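Peer 1: Here's a structure for you.
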Amino acid sequence: MDVKRLRRDFTVLQKEVGGSVPIYFDNACQTLRPRQVTEAVAEYYESFPACAGRSVHKFATEVSLRCDAVRARAAAFFNAETPNEIAFLKNTTEGLNTVIFGLGLKAGDELVTTDYEHNSVHVPAIELARSRGVKRKMVPSSEDGTFDLEAFEKSLSKKAKLVAMCLTSNVTGYTLPAREVVEIAHDRGARVLFDAAQAAPSMKLDVKRLDVDFLVASAHKMCGPSGVGLFYCRSEFSDHLRPIMFGGHGVTDTGRDSFKLLPAPERFETGLQNYSGIMGTGAAIEYLEGVGLAEVREHEIALNKRISRALSGVNGVSVIGPQDPNLRGGIFSFNVEGLTAHDVAMILDNSKNIMMRSGMHCCHAYFHQRGLDGCARASVYLYNTSEEADTFVAAVTELARKFSGRR
């Protein structure tokens with residue numbers, strides 16, 4: 001993979017900010033967008049700025065055709081059986097809520113998750129337990145932070161109706177054994193929902209091979225625009241899954257006291273869609289396919305290994321999650337003794353122009369359970385370089401030597 005060539009596609013990486021080109025290590029939050037994506041977004045506004053599925057004029061027809069084409073591309077990207085298994089939502093969070101609240105779970109049913117879920121699963125699970133009496137079970141992680149399949153099997157009873165889990169952790173970068181999870185869940189009669197927000201940007205996700213029932217990802221984490229979620233719903237469940245929002249476009253007819261929903265995927269796409277974002281999402285998928293997801297994944301791990309090896313012997317630096325960088329993808333979460341996570345992020349931003357995230361990363365329960373105040377998180381992607389990784393290592397090493405032992 002020619003990283004230097006790829007970097008030329010990202011306009012923001014050609015500009016100095018505060019006297020130098022920024023080192024963008026906040027990719028787990030949101031990736032940068034190549035010009036191919038921003039051009040696709042601009043084309044919508046400049047060439048056919050209309051609504052799909054409503055009017056019959058040329059602009060509207062063009063938008064409808066473009067949306068259909070992106071839907072087909074997204075279906076192929078995830079190897080869905082048909083494009084109608086893909087709906088465009090606002091983000092991963094909306095997709096997760098759609099399944100968790102729309103599957104019809106009731107008092108006595110069980111919802112099974114990991115103990116390191118993003119709030120997009122964790123909070124709906126709490127609310128479902130509060131409002132409907134659904135029992136929530138959390139599978140305890142192994143000591144090394146990996147997924148415990150034996151504990152998972154033990155947690156599943158005949159009352160388990162839904163297994164909702166983050167495929168790849170946004171805190172540690174660890175990816176759970178997806179196929180095994182699905183097999184075990186299906187054997188017990190439970191449906192499976194994967195939060196693939198962190199997995200989709202650099203892993204080939206084949207929904208047929210995984211045999212997963214529902215899968216959700218966000219375009220903004222995979223070189224696409226913000227405000228677009230990709231929601232896979234297996235066809236056999238789509239007409240039984242109740243939307244969480246109702247209104248225009250999602251219905252085919254209404255009376256004074258009744259309405260009839262459209263079939264999937266439109267039943268999940270109520271209201272005006274982010275058409276420019278959908279066009280940009282199509283361009284993002286095309287871009288990633290051109291680069292190659294296997295190459296992106298290999299590059300992420302190579303950078304993580306480079307960082308991990310260099311910092312492994314530095315006193316005062318502790319890694320969050322599995323110690324093996326091969327299990328952490330492009331995420332390096334850590335703490336520096338003597339500094340808060342926010343201190344680390346602000347110092348690196350101000351001194352070295354390294355942009356990263358700090359805090360609890362929308363996984364508050366994970367950190368509270370482990371007695372941690374949060375962590376700093378450096379996350380790399382396809383346009384990050386070995387030189388950037390080395391600059392990061394030198395900066396963190398300097399911080400550790402200066403502040404370790406002061407708290």
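Peer 1: Give the residues of segment 36-59 that are outside any loop (DSSP other than H, G, I, E, B), open to solvent by less than 70 Å² (accessible area, probe 1.4 Å) and of a type in the set (Ser, Thr, Tyr), sorted by residue number. Even if it seems obvious, please write down each step before you answer.
Peer 2: Taking segment 36-59 first, the residues outside any loop (DSSP other than H, G, I, E, B) are 36-47, 58-59.
Next, only the ones that are open to solvent by less than 70 Å² (accessible area, probe 1.4 Å) stay: 36-37, 40-44, 47.
Those that are outside any loop (DSSP other than H, G, I, E, B), open to solvent by less than 70 Å² (accessible area, probe 1.4 Å) and of a type in the set (Ser, Thr, Tyr): TYR44, SER47.
Peer 1: Search segment 347-392 for residues being closer than 19 Å to LYS221 by Cα and without any contact (Cβ under 8 Å) to a residue 40 or more places away in the chain, and hand back the single one that is least open to solvent (accessible area, probe 1.4 Å).
Peer 2: Per the stated criteria, the residue is GLY359.
Peer 1: Which one of the conditions (1) in contact with a Phe, Trp or Tyr (Cβ under 9 Å, 6 or more places away or on another chain); (2) open to solvent by 60 Å² or more (accessible area, probe 1.4 Å) does VAL336 fail to meet, given that it meets all the rest?
Peer 2: (2)
Peer 1: Filter segment 1-35 down to residues that are touching a Phe, Trp or Tyr at 6+ places or on another chain (Cβ under 6 Å), open to solvent by 10 Å² or more (accessible area, probe 1.4 Å) and over 15 Å from ILE354 (Cβ atoms), then give me how many there are.
Peer 2: Qualifying residue count, segment 1-35: 1.
Peer 1: Counting just the residues of segment 198-237 that are open to solvent by 40 Å² or more (accessible area, probe 1.4 Å) and in a loop (DSSP other than H, G, I, E, B), which one comes out farthest from VAL181 (Cα to Cα)?
Peer 2: If we take residues in segment 198-237 being open to solvent by 40 Å² or more (accessible area, probe 1.4 Å) and in a loop (DSSP other than H, G, I, E, B), then SER226 is farthest from VAL181 (Cα to Cα).
Peer 1: Here is a further query. With respect to the numbered conditions (1) part of a helix (DSSP H, G or I); (2) at pLDDT 95 or above, which one is the sole condition not fulfilled by SER358?
Peer 2: Going through the list (1) part of a helix (DSSP H, G or I); (2) at pLDDT 95 or above, SER358 breaks only (1).
Peer 1: Using the structure shown, decide if ALA28 is of a type in the set (A, V, I, L, M), in a helix (DSSP H, G or I) and touching a residue at least 24 places away in the same chain (Cβ under 8 Å).
Peer 2: no
Peer 1: What about SER157, is it in a loop (DSSP other than H, G, I, E, B), closer than 18 Å to ILE320 by Cβ, over 22 Å from the mean Cα position of the chain (by Cα) and polar (S, T, N, Q)?
Peer 2: Working: in a loop (DSSP other than H, G, I, E, B): yes; closer than 18 Å to ILE320 by Cβ: no; over 22 Å from the mean Cα position of the chain (by Cα): yes; polar (S, T, N, Q): yes.
For SER157, the condition - in a loop (DSSP other than H, G, I, E, B), closer than 18 Å to ILE320 by Cβ, over 22 Å from the mean Cα position of the chain (by Cα) and polar (S, T, N, Q) - is not met.
Peer 1: Would you check if VAL171 is buried (at least 19 other Cβ atoms within 10 Å of the Cβ), more than 29 Å from ARG357 (Cα to Cα) and in contact (Cβ under 8 Å) with a residue 24 or more places away in the chain? Spell out how you get there, then give the answer.
Peer 2: Numbers: buried (at least 19 other Cβ atoms within 10 Å of the Cβ): yes; more than 29 Å from ARG357 (Cα to Cα): no; in contact (Cβ under 8 Å) with a residue 24 or more places away in the chain: yes.
Spelling it out, it is not the case that VAL171 is buried (at least 19 other Cβ atoms within 10 Å of the Cβ), more than 29 Å from ARG357 (Cα to Cα) and in contact (Cβ under 8 Å) with a residue 24 or more places away in the chain.
The values are calculated or read from the model by the stated rules, or taken from the named source; none is laboratory data. Please read all numbers here as calculations on a predicted model, not as lab measurements. No Cβ is skipped: glycine too gets one built from the backbone with ideal geometry, and neighbour counts run over all protein chains shown. Accessible surface is based on the protein model in full, side chains and every heavy atom, while ligands, DNA and RNA are left aside. Shrake-Rupley method; radii C 1.70, N 1.55, O 1.52, S 1.80 Å.
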